[in-house]
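A.B. asks: Take this structure, written in structure tokens, and hold onto it; I'll ask about it next.
Bear in mind these aren't lab numbers, they're just calculated from the coordinates by the rules spelled out. The structure presented is a predicted model; accordingly, all values stated were derived computationally and were not measured. No Cβ is skipped: glycine too gets one built from the backbone with ideal geometry, and neighbour counts run over all protein chains shown.
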Amino acid sequence: MTIIRSGLLFVLAALAEIGGAWLIWQGVREHRGLLWMGAGVAALGAYGFVVTLQPEANFGRILAAYGGVFVAGSLVWAMVVDRFRPDRYDLIGAAICLAGVAIIMYGPRS
């Protein structure tokens with residue numbers, strides 16, 4: 001159950017961080033205005049809170065593992081929202097990152 005909860009928290013954190021950055025991007029680069037940017041800032045703040053809910057106590061370990069989730073999640077976001085088509089190297093890289101997440105977060109510890 002802990003691994004499932006942790007995984008769901010990683011997904012939620014990715015949605016908040018990637019979505020927040022995307023909203024700010026839209027506000028600034030696509031000239032959509034302050035409401036978009038404000039929503040982005042709020043989403044990024046939510047990301048910071050969600051990360052604290054991870055059952056692992058080590059901040060550095062959580063953030064290191066989350067980096068891999070962010071890589072894979074960014075590609076998924078780009079595919080869904082921006083109609084980006086990743087190539088095989090994008091997919092291989094994301095798979096390697098997710099393997100790193102599994103090792104960092106869920107590897108046996110002494």
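A.B. asks: Could you grab the relative contact order for the chain? Cα pairs under 8 Å, six or more apart, rounded to a whole percent. Don't skip to the end; give the middle numbers.
C.D. replies: On the way: 107 pairs, mean separation 29.4, N = 110.
Reported as a whole number, the value is 27 percent.
A.B. asks: While we're looking at this one, here's another question. Hey, what do the phi angles of segment 5-17 turn into as Karplus ³J(HN,Hα) couplings, whole Hz, using 6.51/-1.76/1.60 and θ = phi - 60°, x for Gly and Pro?
C.D. replies: Along segment 5-17, the couplings run 4, 4, x, 5, 5, 4, 5, 4, 4, 5, 4, 5, 6 Hz.
A.B. asks: What ³J(HN,Hα) values, in whole Hz, does the Karplus curve 6.51 cos²θ - 1.76 cosθ + 1.60 give for segment 87-101 when θ = phi - 60°, with x put for Gly and Pro?
C.D. replies: Running phi through 6.51 cos²θ - 1.76 cosθ + 1.60 with θ = phi - 60° gives 8, 5, 6, 4, 5, 5, x, 5, 5, 5, 4, 5, 5, x, 4 Hz.
A.B. asks: By per-residue mean of other Cβ atoms within 10 Å, what is the highest-first order of 83-95, 66-78, 33-45?
C.D. replies: On the way: 83-95: 11.8, 66-78: 19.3, 33-45: 14.5.
Answer by packing, highest mean first, reads 66-78, 33-45, 83-95.
A.B. asks: Next question, about the same structure. Quick one: helix 59-81 against the long Cα principal axis of the chain, what's the angle to the nearest 10°, folded into 0 to 90?
C.D. replies: In the chain, helix 59-81 runs at an angle near 50 degrees to the longest axis.
A.B. asks: Pop out the ³J(HN,Hα) list for segment 31-44 in order, Karplus 6.51 cos²θ - 1.76 cosθ + 1.60 with θ = phi - 60°, rounded to Hz; leave Gly and Pro as x.
C.D. replies: Along segment 31-44, the couplings run 6, 8, x, 5, 4, 5, 5, x, 5, x, 4, 5, 5, 5 Hz.
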